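Worksheet for the structure shown next.
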Protein chains: 2
Amino acid sequence: MKVAYIQTRPKFGEVERNVENAVSKIETLGAELVVLPELFSTGYQFKSTAEALELGENARSGYAAVRLIEAAVKTGAFIVAGIAERSGASVYNSCVLVGPKGFIGLYRKAHLFSNETVIFKKGNTPFKVFDVGVAKVGMMICFDWLFPEAARSLALQGADVICHPSNLVLPHCPAAMITRCLENRVFAITANRVGAEERIKGAALTFIGSSQVVGPNGTVFKRSGRRVESGTVDIDVTLARNKKINSRNDIIKSRRTGLYTL
Amino acid sequence: MKVAYIQTRPKFGEVERNVENAVSKIETLGAELVVLPELFSTGYQFKSTAEALELGENARSGYAAVRLIEAAVKTGAFIVAGIAERSGASVYNSCVLVGPKGFIGLYRKAHLFSNETVIFKKGNTPFKVFDVGVAKVGMMICFDWLFPEAARSLALQGADVICHPSNLVLPHCPAAMITRCLENRVFAITANRVGAEERIKGAALTFIGSSQVVGPNGTVFKRSGRRVESGTVDIDVTLARNKKINSRNDIIKSRRTGLYTL
């Protein structure tokens with residue numbers, strides 16, 4: 001199947017612009033699974049929860065969700081995209097999974113990074129896998145990469161592909177995602193953004209790009225630099241269902257759960 | 001504290017030679033913690049369990065253990081070294097921790113790699129941390145690197161330094177150990193061997209060297225190439241006791257155990 005990431009440069013607060021740019025791109029890719037960055041529709045650096053609530057949207061009926069579903073219907077693609085998700089009086093750093101038949105699933109970021117802990121409510125959605133037919137899809141967001149339990153939870157539930165919307169500013173994640181793929185024998189699609197934001201004075205953030213597609217053997221099929229671009233890769237998701245790395249080691253069955261302290 | 005790895009090129013079956021070479025080296029290093037490779041005293045590629053039993057030794061009273069303890073007494077160092085451990089009718093791929101006061105601890109490899117599953121008995125020692133005063137020491141062996149639960153179990157029990165005797169033949173571990181250090185904010189000392197063995201025809205193994213010392217921020221303080229050599233690094237183990245990566249994220253306390261499926 002053809003998978004893709006779209007590496008964007010959103011303008012903070014310009015939801016319509018950011019969403020329409022992404023939708024236009026999705027329509028040109030011809031991919032069956034597309035991953036967009038974390039908070040792709042709003043930008044990253046909220047000054048307050050109130051601001052995030054104001055720009056945030058419902059995961060099923062907000063502008064971003066509706067337009068992504070329309071793009072999915074039009075192209076036949078499954079799409080994972082990060083949004084500021086308003087739910088009642090709360091706002092989460094979430095991502096949605098939508099497809100040609102509409103809304104499929106929601107993931108609310110479990111491990112909030114730094115100032116996000118002030119802005120967003122902590123995620124309350126257990127790591128979960130969605131079987132969309134062409135692949136079993138898991139979702140995690142940005143900083144979740146640092147916690148091996150995130151990708152492990154998805155792999156143990158049968159994820160073929162981990163979709164990983166991100167707004168990375170630190171350098172280590174692209175290499176670490178190779179470890180995540182090797183240790184779980186899964187594919188991972190990290191969609192990061194580029195550009196910079198300094199909406200909070202003295203707290204300038206520069207996003208590292210480096211969006212990538214990595215395979216179960218740790219192969220980096222594609223990795224971007226620091227400009228706006230997309231990457232597409234043809235992958236065979238069934239490779240992620242064979243957890244054997246040699247005739248004697250299945251990396252899931254070889255686990256020694258009785259010896260761990262977790 | 002000064003820590004070290006010794007990257008060796010053992011000759012298969014020449015236990016006395018291999019041990020004496022290592023002991024001589026330990027005596028020159030002036031390190032407080034020294035890590036030797038997996039199966040440093042025997043070599044790696046056993047043809048049968050019978051052969052491993054024959055070359056294997058008791059973890060406390062065997063030739064390797066006795067000489068390592070003598071070296072520890074003489075130098076004041078703590079030493080972690082991989083041995084073929086004979087215990088009754090069983091043989092384990094183990095490592096010992098010894099110090100100036102003698103034998104301290106034993107770890108039997110939990111995740112046996114490939115043909116090791118035929119030769120050795122599966123380890124039955126839970127991942128455990130030994131507080132030796134100058135540091136809290138955890139042990140894992142080679143292929144354990146692929147299982148995030150190994151290093152995680154040690155970190156959650158308070159390990160400052162993960163001692164990692166290895167006989168690596170595949171390329172991914174040195175980079176993956178950076179991930180292990182980052183995700184757990186620990187130091188890791190991987191001591192690998194160099195050279196090649198082909199005692200089983202058609203199953204030639206070339207060991208990759210690349211022994212290294214990595215810190216809690218993912219810094220590679222030292223990494224060797226593919227020749228016999230040692231590496232020493234001065235580390236501040238207390239850095240591993242601060243799990244905060246910023247004012248809002250303690251990477252242990254930030255775990256969301258209720259959302260994982262492990």
### Query
Do we have A:Phe78 as under 19 Å from A:Cys163 (Cα atoms), among the aromatic types (Phe, Trp, Tyr) and surrounded by fewer than 18 Cβ atoms within 10 Å (Cβ to Cβ) here?
no
### Task
Select from region B:242-251 the residues that are surrounded by 13 or more Cβ atoms within 10 Å (Cβ to Cβ) and over 14 Å from B:Asn217 (Cβ atoms) and write down the one among them that is nearest to the other protein chains (Cβ to nearest Cβ).
B:Arg248
### Task
Say whether the condition of being surrounded by fewer than 19 Cβ atoms within 10 Å (Cβ to Cβ) and either modelled with pLDDT of 95 or more or not polar (S, T, N, Q) (or both) is met by at least one residue in region B:136-151.
no
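Residues are listed down the side, and each one gets a yes or a no for (1) among the hydrophobic types (A, V, I, L, M, F, W, C); (2) under 17 Å from the mean Cα position of the chain (by Cα):
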site	(1), (2)
A:Leu170	yes, yes
A:Lys201	no, no
A:Leu205	yes, no
A:Val214	yes, yes
A:Thr232	no, yes
### Query
In region B:53-67, which residues are in a loop (DSSP other than H, G, I, E, B) and surrounded by fewer than 17 Cβ atoms within 10 Å (Cβ to Cβ)?
B:Asn58, B:Arg60, B:Ser61
### Query
Restricting the search to region B:2-39, which residues are acidic (Asp, Glu), outside any loop (DSSP other than H, G, I, E, B) and under 16 Å from the mean Cα position of the chain (by Cα)?
none
## Note on the structure
Filtering region B:228-241 for residues that are surrounded by fewer than 19 Cβ atoms within 10 Å (Cβ to Cβ) and part of a loop (DSSP other than H, G, I, E, B) leaves a count of 2
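Residues are listed down the side, and each one gets a yes or a no for (1) modelled with pLDDT of 95 or more; (2) closer than 21 Å to A:Gly133 by Cβ; (3) not charged (D, E, K, R):
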| position | (1), (2), (3) |
| --- | --- |
| A:Thr8 | yes, no, yes |
| A:Val23 | yes, no, yes |
| A:Leu29 | yes, yes, yes |
| A:Thr42 | yes, no, yes |
| A:Ser48 | yes, no, yes |
| A:Arg60 | yes, yes, no |
| A:Ala64 | yes, no, yes |
| A:Arg67 | yes, no, no |
| A:Thr75 | yes, yes, yes |
### Task
With the condition kept exactly as written, say whether any residue in region A:152-159 is over 30 Å from A:Lys244 (Cβ atoms), within 16 Å of the chain's Cα centre (by Cα), of a type in the set (Lys, Arg) and within 11 Å of chain B (Cβ to nearest Cβ).
no
### Task
Could you pull out the residue among A:Val34, A:Val23 that is under 12 Å from A:Ala81 (Cα atoms) and surrounded by fewer than 24 Cβ atoms within 10 Å (Cβ to Cβ)?
A:Val23
### Query
Just checking, how many residues over region B:252-262 are of a type in the set (D, E, K, R) and either within 16 Å of B:Pro216 (Cβ to Cβ) or more than 8 Å from every other protein chain (Cβ to nearest Cβ) (or both)?
1
## Note on the structure
Of the conditions (1) β-branched (Val, Ile, Thr); (2) over 27 Å from B:Leu106 (Cβ atoms); (3) out of contact with any strand residue (DSSP E or B) (no Cβ under 7 Å at 6 or more places or on another chain), the single one that B:Ile208 does not satisfy is (2)
### Summary
Matching residues in region B:57-114 (away from every other protein chain (no Cβ under 14 Å), among the small types (Gly, Ala, Ser), in contact with a strand residue (DSSP E or B) (Cβ under 8 Å, 6 or more places away or on another chain) and under 23 Å from A:Leu259 (Cα atoms)) number 5
### Query
So which residues in region A:37-52 are buried (at least 19 other Cβ atoms within 10 Å of the Cβ) and either among the hydrophobic types (A, V, I, L, M, F, W, C) or touching a helix residue (DSSP H, G or I) at 6+ places or on another chain (Cβ under 6 Å) (or both)?
A:Glu38, A:Leu39, A:Phe40, A:Ser41, A:Thr42, A:Phe46, A:Ala52
### Query
With respect to A:Ser211, is the statement that it is of a type in the set (Gly, Ala, Ser) and closer than 18 Å to A:Met140 by Cβ true?
yes
### Query
What strands (runs of 3 or more DSSP E) lie completely within region A:93-150 and have 2 or more residues being farther than 22 Å from A:Ala50 by Cβ and either polar (S, T, N, Q) or in contact with a helix residue (DSSP H, G or I) (Cβ under 7 Å, 6 or more places away or on another chain) (or both)?
A:102-108
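The values are calculated or read from the model by the stated rules, or taken from the named source; none is laboratory data. Everything numeric here is computed off the predicted structure, so don't read it as measured data. Cβ coordinates were reconstructed from backbone atoms using ideal geometry, including for glycine residues, and neighbour counts include every protein chain displayed.
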